[in-house]
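Worksheet: one structure, shown below.
The values are calculated or read from the model by the stated rules, or taken from the named source; none is laboratory data. Computed from a predicted model, the values in this text were never measured in an experiment. Cβ coordinates were reconstructed from backbone atoms using ideal geometry, including for glycine residues, and neighbour counts include every protein chain displayed.
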Amino acid sequence: MLRNTTRDTILARELFFTKTLKEKARGLIGNSHPRALALQTRWGIHTFGMQFPIDVLVCDDVLRVKAVRRNMGRFSFFFWNPKYLRVFELPAGVLEKSGTEVGDQLEVVSP
């Protein structure tokens, strides 16, 4: 589960962690519906080949939100300061509903 402790909201009840280079490279491409995905990359992401928009959070090592992209449409790029590598891709609308902003503190909670 991914939780915003600053706002006491749940961003994702189920969170898929990419483990291999192939999983990270594929991300949500080819999925017919969005799901919460955690990955590590310093160089940015793209939504080429995706069928839906997503919300994106970029965090530091202690999961403090450093960059936000809401409703990232298809065929888009998102780049950020490469010193941050923790990235969460979420279904579009999650960030607006939760009020998540830069500076918020997140936590990953195991079931």
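Here are the criteria: (1) crowded, with 17+ Cβ neighbours inside 10 Å; (2) out of contact with any Asp or Glu (no Cβ under 6 Å at 6 or more places or on another chain); (3) of a type outside the set (Asp, Glu); (4) closer than 19 Å to ASN4 by Cβ. Tell me which single one MET50 does not satisfy.
Going through (1) crowded, with 17+ Cβ neighbours inside 10 Å; (2) out of contact with any Asp or Glu (no Cβ under 6 Å at 6 or more places or on another chain); (3) of a type outside the set (Asp, Glu); (4) closer than 19 Å to ASN4 by Cβ one by one, MET50 breaks only (4).
Can you pull out the residues in segment 78-92 that are part of a loop (DSSP other than H, G, I, E, B), surrounded by 12 or more Cβ atoms within 10 Å (Cβ to Cβ) and either free of Cβ contacts under 8 Å to residues at least 40 places away in the same chain or in contact with a Ser or Thr (Cβ under 7 Å, 6 or more places away or on another chain) (or both)? Can you show your working first?
Within segment 78-92, the first condition is being part of a loop (DSSP other than H, G, I, E, B), and the residues that meet it are 79-85, 92.
With surrounded by 12 or more Cβ atoms within 10 Å (Cβ to Cβ) added as a condition, the list becomes 79-80, 84-85, 92.
Correct list: PHE79, TRP80, LEU85.
What pairs can you find where one residue is in segment 62-77 and closer than 18 Å to THR6 by Cβ, the other is aliphatic (A, V, I, L, M) and surrounded by fewer than 15 Cβ atoms within 10 Å (Cβ to Cβ), and their Cβ atoms are less than 7 Å apart, with a gap of 6+ or different chains?
That search, which allows pairs on different chains as well, returns VAL65/VAL102; LYS66/VAL102; ALA67/VAL102; VAL68/VAL102.
When you go through LEU39, LEU95 one by one, which is the residue that is surrounded by 11 or more Cβ atoms within 10 Å (Cβ to Cβ), outside any loop (DSSP other than H, G, I, E, B), in contact with an Asp or Glu (Cβ under 8 Å, 6 or more places away or on another chain) and at pLDDT below 95? Step through it out loud before you land on a result.
On the way: LEU95 fails: at pLDDT below 95.
Matching residue, one of LEU39, LEU95: LEU39.
Looking at this structure, is VAL62 of a type outside the set (Gly, Ala, Ser), loosely packed, with under 12 Cβ neighbours inside 10 Å and either modelled with pLDDT of 85 or more or in a loop (DSSP other than H, G, I, E, B) (or both)? If you could, list the steps in order and put the result at the bottom.
On the way: of a type outside the set (Gly, Ala, Ser): yes; loosely packed, with under 12 Cβ neighbours inside 10 Å: yes; either modelled with pLDDT of 85 or more or in a loop (DSSP other than H, G, I, E, B) (or both): yes.
So VAL62 fits the description; yes.
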